Every structure is written in C-alpha cells, then in structure tokens.
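Report on one structure; see the data block that follows.
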Amino acid sequence: MKVLMFGWEFPPHITGGLGTACFGMTKGLLKHGIEVLFVVPKAYGDESQEAVRLINASDVTVKMREPVFQDYWNQITFMEIGSNLIPYVGPVEFEKMVAEDLRTTEEKMSPVFAERFSFSGKYGQDLMTEVSRYALIGATLASEQQFDIIHAHDWLTYPAGVAAKHVSGKPLVVHMHATEFDRSGENVNSNVYDIERKGMEEADRVITVSNLTRNIVIERYGINPDKVFTVHNAVEPIEKAELANSEKHVKEKVVTFLGRITFQKGPEYFIEAAKKVLERDKNVRFVMAGTGDLMEKMIRRAAKLRIASNFHFTGFLKGENVDRMFAMSDVYVMPSVSEPFGISPLEAMRSNVPVVISKQSGVAEVLDHVLKVDFWDIDAMADAIYSLLHYDSLTTMFRKHGTEEVNNLKWENAARHIVEVYKQVYQE
Amino acid sequence: MLPGTLLKFTNKFIKSNNEKYIVMRSICLYFQVHQPFRLRTYRFFDIGADHYYYDDYQNKHIVKRIAEKCYLPANEILLGLIKEYGADFRVSFSITGTAIEQFKKYTPEVIESFRKLAKTGNVEFLAETYSHSLAAFKNETEFRQQVQQHAQTIEKLFGVKPVAFRNTELVYSNEVADMVYRLGYKVMLTEGAKQVLGWKSPNYLYKSKPHPGLKLLLRNYQLSDDIAFRFSQTNWSEWPLTAEKYLNWLNVIEKKQEVVNIFMDYETFGEHQKAESGIFAFLKALPGTVLRSKKWIFRTPSQIADLLDPVDSLDVPYTISWADEERDMTAWLGNDLQDEAFDTLYSVAATMSDCDDEDLVRDWNYLQCSDHFYYMCTKWFSDGAVHHYFNPYGTPYEAFINYMNVVSDFLIRVKEYEEMRVTRGKPVKQSEKVLKEKPVKPVTTSTVKATKKVAVAEKKTTAKKIANPKAIKKAK
C-alpha cells in the first residue's frame, strides 16, 4: 500500500510536535510495509529520508491553465480569507508580517497563480495563502503520482488532502493532532475552524490522537462518530548517554514545568500549587521553563505570592538544555487545561522523572504510572507534588514501571492501528 | 455448660443414636461481614492541623445502603430458614470490629438482626482481628491484642465466646497457625489454595503441620466463587445458577469427601450480586433443596471439627489467602507503596501496645485495616475488575498519597504522646517483641515443587486423587 501524506514540517526543521510525530509515524508505517510519499511545503534537503520519499512542494509546477485546477481553485476560495490569528507567532513577528501583508495585498492573486510558488515553511501571516497554494500542489501531485490512500496532518494540509481526493478519487484520511479549541480556548478562529470541519467532512476517516480529541471532533464539529478513530501517539526511543546527577547544583528538590507559557498549558495552576507546597516545605525549587504570552503575568504572580526566591524562570529551552532540565528535576508537572496528547511527560518519564499530569490531556489515557489531577484542582496538584517529594516509594514505583510503560508506547504499535484504518477505506 | 462442650456432647449423641447424621455429609456456610472506616481526602496541608481522618458521610452512606440491600434482607432470610429447618440448617459469621462500630453508629437495626440470629443457637460467630488487620505479619503482641479485643466484642454482643478462628482474608501460614494455636484456638478456616493442596481435595478436615491440634477447614473456591463471583454473569456457561444445579454439583463430589466449605463475603447477597439477579431466591431455595436430598446437612466449623478427624496435615511455609487467582498476599503487601505504608504505620507499634490515649488507639485500629493496603495494589492495572470495584480511589497512587498523609499526621501525634508520657514519668516500652520482618514472597516454582513432594509423600496414607467437582460434571 502506498500513501500520499501531506505534512507541514519534517525533522530537523520543526517548530512543534507535529513534525516529530509525522517522522515517528512514517517510520512505524514502514515497518508494516506501507510506502509513504511525504509532502512538505519547503524541503531544506537535510531531512531524514530513511522512512519516506520527501517531496518538496516548492519544486512542483502547477499548470494553472488546466481546467481541473481552475475548477478546484474556485471551490477553495473560502480559504483565502485573511486572518490575523495565527498559531505559534509572537507579537513582534506578527506586527511585521501584518505590515508586509498590507503592502502585498494588491498583488495577492498573482503569486497564487504563478507556476511555481516558494513556500516559507513557517506559520506566517500569509499562512492562508500558503495553505491554499499548498492545496493546488496537492491536486497536481494527485494527478502525477501513483498511490492508494491520502493522509493529511492537521488543518494546514486538509485543503491539499481534499484537493488530492477530488483529482484522484482516492480515499482521504485526515489526522487531528490538535483542534482549534485546544489552541485558542473558546475564542476560535472561524476560518481555521471551517477548514478543520470541511476537511473532516470530506474525509473518509478521521484519526484523533486521543479520545479527548475524538470527543471534541464529534461534539464541537459534528463529525459522524462512526468514522472517527483514536490512535494514540507514541514516542521514538532515544539512545542517549545517561546524564549524570552532577547536572544538579542545588541541594533542594526541583519541580519543573516545561512548555509554552500560554493559556492552554495552565501555567497559573502550577504557580498556585507551588505556593501551597512552599507554605509547608521551603526546601523545594520550582522551575518554569519556556516562554509565551503569559510569561510576564506569571512572573508578576510569583512575585506577588512572595515565592520568587524559590520560583525560577528559564526562558525558552532547546535541545540539550531540555535534557539537562529533566536531568535535574525531581518532579515534572504538566497542568495543561487542554492537551490533545502531550508528549513532554513521556520525555520526562524516559529521563526517570516522575510526573504529575492533568486529566485534561490525551496522554493521561495511555499512562497508569503517573499522578493524574484535574488542572483546576490546585490542592490535588500540590498534594501530588508534595507526596512525590516526601514518600520515596512513589518515586521508586514510577521509576520502576514508568520507563517500561513509556518504552511500550512504540510508533510501530500505533502505526498498526493506522494501517487498520487504511485497510477499512481501502476495501470500501 | 460451655457451647463447645455442649456441641461435643450432642455430636456424640448424634453419632451413637442417629444413623442418618453420620451418613450425611457436611456443608459449612461461612459469611464474612466487614466494613472499613474509609478515609476522607486528606491533603498534606492537613498534616499537623487536622486530626480527623474519616469520611463520615461516605461511611454512613455505604453502610446504610449495604444494610438495606444486603445485611437486613439476608439476615431475615436466614432467620426464616433456621425456623423452617431447625437444627439441620446452620451458618457461621465473622463480623469485624470496625463493621460492628459502624452498625452501632449508623444502623443499630443490623446489630439487632444479628442478635436474633445468635439467639437461635444455629449460628456460630468466629474470631478474627478486631480491625480486619494484617498485624500477624508484623507484630504478635498487636495481633493477640486485636484477636482478644474482637473476641470480647463478640461475646458482649452475642453472648458467645468465639472458639473458631479466621484470619483477615483467610491469610494463613505455619507461622500464623503458631500464633493462633497459642491463642488457644483449635479450629481455623483458610483457603483451599492449589499451591498448598496440589492434587488434594479441600473437601476434608485437615490439621496444621506444626500444630496438629489446630484443625483446618479449607474453602472450596470453585463452589464458593460460583455463587460469590459468577452467579450473575450471564456469559457464564452455567448461567443461570439454580439450587438444583448446585445440588447436582455437590452430589458428584466423591462420597468419601466429607465436608464442602462455602466461604464468601456476606455482601455477595444483594450487593456484589444484585437482588435483581435472583441471588436472594437462590439463598432461600438452596437449603431446602439440599436438605431434601438427605445427603447433606449444614454444620458450623466447630461442629465439623468435633465430628470429623483430620485426614492429613498441611505444611504452609508461604502465606496463602483467598484473594485473586494467586491466592497470596500480593493484593495487600509486596509493592513498594504497600510496603512503605505498612512499615511506616507499624513503626509505632511498640508505643501503641500500651497506649492509653483513646483517640490514638481508635486511629491505630482503623488505620491497620487491610483495605487501605488493598487500595494501593497495582495488580489491577492489568487484571483487576474486582479490585476496581472495591476501590474508592482512582489509582493506587492516590490511595497511597492519601494514606501516607494521614499516617504522617498520626505519627506526629504518637510522637507528642511519647514526649508527654516521658515528662509524666512513664517511659515508653522498649522491650517489645517485634516479629522479624519477612518479605512476602510469592510462591515460586520451587515452593510448589516442595509442596508437591510433601503431597506425594503423604499420598499413600491419605485419600486417592480427587478431581474437582466441575471436571467430573463436565466429563459427564
């Protein structure tokens, strides 16, 4: 079986978890004999090609005069509506892009219809244009390549998937890694929402990364439950040298939050819980690693609670520093308000760090050897942290069973479930 | 005359005067009645600040519900059966101290109804640890105290001093046998665990290897669980279970086998098996159906011990219980959480052995309840529908955290009490005999082999190979 897969990024050029997940998944699929043609908007040339044939969308020539593309373009104009709410964009970059957009508005139609389009490969202001353009690439590839199934990851690639389906008549599977509700709470971007909904409606099957996400898809998007299947994410096992405890230079125990400091990740609950623990035990240090729009507010809150001497901010951590952070942590906390899956607890567990996760995360569905609390239940969260710091057998148990649990979450197993979904549509 | 002597006398009388009673084989019904004091959600910031640990609302609610659904209607049925069949129908109970306390507090009518049963003289009440504890594993002094406290409670309530013993969860080993025997008990109930019996049948009276004076009744887990676990399982091949069908299973048991021990939680009736499943109708019908066959009669553990001679002695070096497939201790002790919690609590056993602070003694009792450790069992991640049913906590980790918070506060109070006692001039007892700590070992293959060897050695002198009743039934 051959799959035409539309993604938005691929390692090593990643800005979020999507690229990592796609990489693990394609490797897993390969083990089940599935061949993958992976399309990314912009290929840099140094991507791992061990599991896939990577297609650079920028290299695909679209012959716009062919009627089929004209027709399709007419159908997808809804995607052109400009939006100023784009995920993963900081305020400074945002302003710059809006200004740029104003300058280029008049010319907007021309790059779209150019024969070759250079993708930025980033989540930028002209994202909607890129998404539309990427759809045309999808249609072109669909008419040129041989494949059995189309698989599209997250809303950015749904129009491409839908276009490919229209041109080739092959079945479409769309994969929900996150919904607009997870990203934006109740203030959803209606354009994004529409693309997500239409993509899922057109799809033959929808794969969600957790039952939590599956429920959102069914309840908030009105998708027929019969075609929505949960396939939990997995992690790639990593062989890395054991980081020595010498990484740790403070004698106090360290409790860590690591992630974007945004509404979705629930940083304020972490601070409130820290306050409760510190009231009882001063020999603990709390670390908030990451950055985001709520960071300044969090710093102010920590100061107001008078816990700043035991509460530290690191700013954005990358690569090796993430591993070092885990190596010096005694407890990892993920208090997310809404987390479709949540890979970071698995990384912590892999580093032998016991974790506390919110029940509002998809990953809670697959883990037993963790402490689960409601994100809003600060008392329970504080209690969980305190217990991990004081009752040694808890940590012993988590180290003993947690590592094993994480090692069993293999992409190879997750891919088997994806293949089952493929087979369903392949037979229809 | 003491009840035991009276029984012996009647049995001798029966033996010599009434042929039918000798021919008729025994069924021993024993029901366990237990309610723990469930803990409230106790956060670490309560430590040192709030010393009340129990979820009164939940405890009251649960005890009232089970009284209404199980204890009261089931007692009513048993009372009716005793009136109808007289001396031929007898049952035995073991009621924990923590259950009795809660009945007194929330449902005194349950105590009354057990009293009515006691007055018939057809009901034997067994001895056990007051708070359904696992003290036998830690501290003999504590174990003795608990057994004595329980016996006094039962005697005060029902006017009869218990003479047969059952340990918490039917936990048994040579070591436990030793302690029980030295407490003066001559009869004990335990599990007919395969790892101990091998090819032997549970349907005989046995005796303890280290103390041949201690007679053992072994639970027939197949026939017990047919009622306790499988009764309402509609996907069970034998569903629906009727009294007639059950009698047929009893009747295929080889004639030489003298006693069938059917032991279960009393909550089976109306709680684990809901009234809608027909469990009460089954309970009502079974004695009549069985008695009409003229092959079986219902006797209590003490009666059976007096009537029968042990066929063999059992050597049990590793602990057995009536729980799960493994029939061992792993539901309560053995994982890191359970062991830390257990060790932490018993670290103050010496002080508590002669503590005169009523509140501390009460909490000491309630915290020893085996249920708390059961909630921390991690086995159910893979296999425990039953565990999950009984567990008020979402995960064993939550159970552990809550318990440890409570025990942390308890230890602070004990420490304060010790200091207070020192200033009062009464030193803390130091010469406490603490049992050598022994890790609870699962039965290994070598143990099974060892048990089998013993079994083989004894084969010549005892009964022939006995297949289980179900196998015979299926072969037919």
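Restricting attention to the stretch B:228-249, does a residue exist that is of a type in the set (D, E) and over 22 Å from the mean Cα position of the chain (by Cα)? So far as the stretch B:228-249 goes, yes, one or more of its residues are of a type in the set (D, E) and over 22 Å from the mean Cα position of the chain (by Cα). Scanning the stretch B:373-394 for residues that are modelled with pLDDT of 85 or more and within 14 Å of chain A (Cβ to nearest Cβ) yields B:F373, B:M376, B:C377, B:Y393. Put simply, of A:F229, A:F263, A:F181, A:F257 the only residue that is among the aromatic types (F, W, Y) and either under 27 Å from A:S387 (Cβ atoms) or buried (at least 22 other Cβ atoms within 10 Å of the Cβ) (or both) is A:F257.
Flag not set for B:S113, criterion: touching a Gly at 6+ places or on another chain (Cβ under 7 Å) and closer than 23 Å to B:A67 by Cα.
Here is a yes/no grid of residues against (1) crowded, with 22+ Cβ neighbours inside 10 Å; (2) modelled with pLDDT of 95 or more; (3) not polar (S, T, N, Q):
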position: B:T190; (1), (2), (3): yes, yes, no
position: B:G198; (1), (2), (3): no, no, yes
position: B:Q233; (1), (2), (3): no, no, no
position: B:F263; (1), (2), (3): yes, yes, yes
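When you scan the stretch B:128-150, do you find a residue that is surrounded by fewer than 18 Cβ atoms within 10 Å (Cβ to Cβ), closer than 24 Å to B:T268 by Cβ and not polar (S, T, N, Q), even just one? No, the stretch B:128-150 contains no residue that is surrounded by fewer than 18 Cβ atoms within 10 Å (Cβ to Cβ), closer than 24 Å to B:T268 by Cβ and not polar (S, T, N, Q).
Out of the stretch A:346-365, which residues are in a helix (DSSP H, G or I) and out of contact with any Ser or Thr (no Cβ under 8 Å at 6 or more places or on another chain)?
Scanning the stretch A:346-365 gives A:L346, A:E347.
Among the residues of the stretch B:333-357, those that are more than 14 Å from chain A (Cβ to nearest Cβ) and among the hydrophobic types (A, V, I, L, M, F, W, C) comprise B:V348, B:A349, B:A350, B:M352, B:C355. A:D368 passes every criterion in (1) within 14 Å of another protein chain (Cβ to nearest Cβ); (2) in a helix (DSSP H, G or I); (3) in contact with a Phe, Trp or Tyr (Cβ under 6 Å, 6 or more places away or on another chain) apart from (2). Mind listing just one residue for me: the one in the stretch A:137-165 that is at pLDDT below 90 and farther than 25 Å from A:N189 by Cβ and, of those, surrounded by the fewest Cβ atoms within 10 Å (Cβ to Cβ)? Here the residue is A:E144. Just checking, which of A:I385, A:I418 is buried (at least 18 other Cβ atoms within 10 Å of the Cβ), touching a strand residue (DSSP E or B) at 6+ places or on another chain (Cβ under 7 Å) and within 14 Å of chain B (Cβ to nearest Cβ)? Checking each option against the conditions leaves just A:I385. Among all residues of the stretch B:257-270, there is at least one that is more than 23 Å from the chain's Cα centre (by Cα), under 21 Å from B:Y221 (Cα atoms) and outside any helix (DSSP H, G or I).
Determine if the stretch B:365-375 includes at least one residue that is assigned to a loop (DSSP other than H, G, I, E, B) and hydrophobic (A, V, I, L, M, F, W, C). Break it down into steps so the answer makes sense when it comes.
The initial filter retains those residues of the stretch B:365-375 that are assigned to a loop (DSSP other than H, G, I, E, B), namely B:375.
Adding the requirement that they be hydrophobic (A, V, I, L, M, F, W, C) leaves none.
No, because not a single residue in the stretch B:365-375 is assigned to a loop (DSSP other than H, G, I, E, B) and hydrophobic (A, V, I, L, M, F, W, C).
The test for being within 14 Å of chain A (Cβ to nearest Cβ) and either hydroxyl-bearing (S, T, Y) or in contact with an Asp or Glu (Cβ under 9 Å, 6 or more places away or on another chain) (or both) does not hold for B:T330.
Listed conditions (1) closer than 21 Å to A:V287 by Cβ; (2) within 14 Å of chain B (Cβ to nearest Cβ) are all met by A:K400, apart from (1). The single condition among (1) out of contact with any Lys or Arg (no Cβ under 7 Å at 6 or more places or on another chain); (2) in a helix (DSSP H, G or I); (3) within 12 Å of chain B (Cβ to nearest Cβ) that A:D379 does not meet is (1). Looking across the stretch B:45-71, the residues that are β-branched (V, I, T) and over 30 Å from A:A273 (Cβ atoms) come down to B:I62, B:V63, B:I66.
In this structure, A:E279 does satisfy being free of Cβ contacts under 8 Å to residues at least 24 places away in the same chain and either within 14 Å of chain B (Cβ to nearest Cβ) or assigned to a strand (DSSP E or B) (or both).
May I ask you to list the residues in the stretch A:267-302 that are closer than 22 Å to A:L317 by Cα and of a type in the set (A, V, I, L, M)? Give the derivation first.
So in the stretch A:267-302, the residues closer than 22 Å to A:L317 by Cα come out as A:267-271, A:274, A:284-302.
Correct list: A:I271, A:A274, A:V284, A:V287, A:M288, A:A289, A:L294, A:M295, A:M298, A:I299, A:A302.
Residues in the stretch A:161-182 that are part of a strand (DSSP E or B) and either assigned by TED's automatic domain parsing to the domain that holds A:E339 or within 17 Å of A:A135 (Cβ to Cβ) (or both): A:L172, A:V173, A:V174, A:H175.
The values are calculated or read from the model by the stated rules, or taken from the named source; none is laboratory data. What you see is a predicted model; the values in this text were computed from it and never measured. Reconstructed Cβ throughout: ideal geometry from the backbone, glycine too, with neighbour counts over all protein chains shown.
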